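Q: There's a structure below that I have some questions on.
The values are calculated or read from the model by the stated rules, or taken from the named source; none is laboratory data. Everything quoted here is computed from the prediction, not taken from an experiment. Note that we place each Cβ from the backbone using ideal geometry, even for glycine, and neighbour counts take in every protein chain shown.
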Amino acid sequence: MSERGLCSRREADVYIERGWVLVDGERISTLGTKVDPAQTITLDEQARAQQTGSVTILINKPIGIVSGQAEKGYRNAAALITRASRFAGDRSPLRFSPAQMRGLAPAGRLDIDSQGLLVLTQDGRVAKQLIGEHSDIEKEYLVRVEGGLSEQGLKLLNHGLSLDGEPLRPARVAWLNDEQLRFVLKQGKKRQIRRMCELVGLKVVGLKRVRIGNVQLGNLPVGQWRYLRDDEHF
């Protein structure tokens, strides 16, 4: 179900247990049921209704806030989502409800020392699109650095570096000005940009994510959030 983009694995377990999954029209309620690749899997109307009601939230995460579970001494991004912190310029017609916090989880991470666009969603399809094994969504960052960078070093940032014993996928890295680089990546290893810069002799002193796919951070203020609109797609 996850591979076919119907839902996330976690959602699949819930839908199966509730009897909301049909295989060739037959309702399935047993976890682990084997399905032939040629068979047709569909979701019950109740599952589709639940997905339709799922929200995706965009937040401009401040420095000092963790993306996922709260850690000792640090708040997490979800704790910033309140009625009062909603961006006044949000054009979504949705009204905020505490129920929207249920099952809301970050689709990707942004480390505690970094600021910028973070996506939290109740929709497993969105999570799969952004952080699934075969995700090909671009993420754009503005990175302030200290130190010298040779032409060869810049070439290596674009392609040729390895982390954790694995070659990195090609990136797009270029100077914006004398102290700031623009990174566009299609993967997200832990602290990837900081570690890439260290490998070529640079120190990151500021990092901001400004785009995920086709969705821009835009003028969303630090610490505020808005809904992903129906006309927006990653």
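Q: Give me the residue from the range 69-92 that is surrounded by 11 or more Cβ atoms within 10 Å (Cβ to Cβ), charged (D, E, K, R) and assigned to a loop (DSSP other than H, G, I, E, B) and, out of that set, modelled with the highest pLDDT. Let's see the steps before the verdict.
A: At the first step, the residues of the range 69-92 found to be surrounded by 11 or more Cβ atoms within 10 Å (Cβ to Cβ) are 70, 74-82, 85-87, 89-90, 92.
Remaining after also requiring charged (D, E, K, R): 75, 86, 90.
Subset that is assigned to a loop (DSSP other than H, G, I, E, B): 75, 90.
Numbers: ARG75: 91, ASP90: 96.
Step by step, filter the range 69-92, then rank; the result is ASP90.
Q: Just to confirm my filter: which helices (runs of 4 or more DSSP H) fall fully inside the range 124-201 and include at least 2 residues that are more than 26 Å from LEU58 (Cβ to Cβ)?
A: Details: elements: 124-131, 151-158, 192-199.
The qualifying helices (runs of 4 or more DSSP H) are 151-158, 192-199.
Q: Could you tell me whether any residue of the range 137-147 is buried (at least 17 other Cβ atoms within 10 Å of the Cβ) and of a type in the set (D, E, K, R)?
A: Looking through the range 137-147, at least one residue is buried (at least 17 other Cβ atoms within 10 Å of the Cβ) and of a type in the set (D, E, K, R).
Q: Please name all residue pairs, on different chains or six or more residues apart, with Cβ atoms under 7 Å, provided the first residue is in the range 195-222 and is on the phi < 0 side of the Ramachandran plot and surrounded by 13 or more Cβ atoms within 10 Å (Cβ to Cβ) and the second residue is charged (D, E, K, R) and in a helix (DSSP H, G or I).
A: VAL204/ARG194
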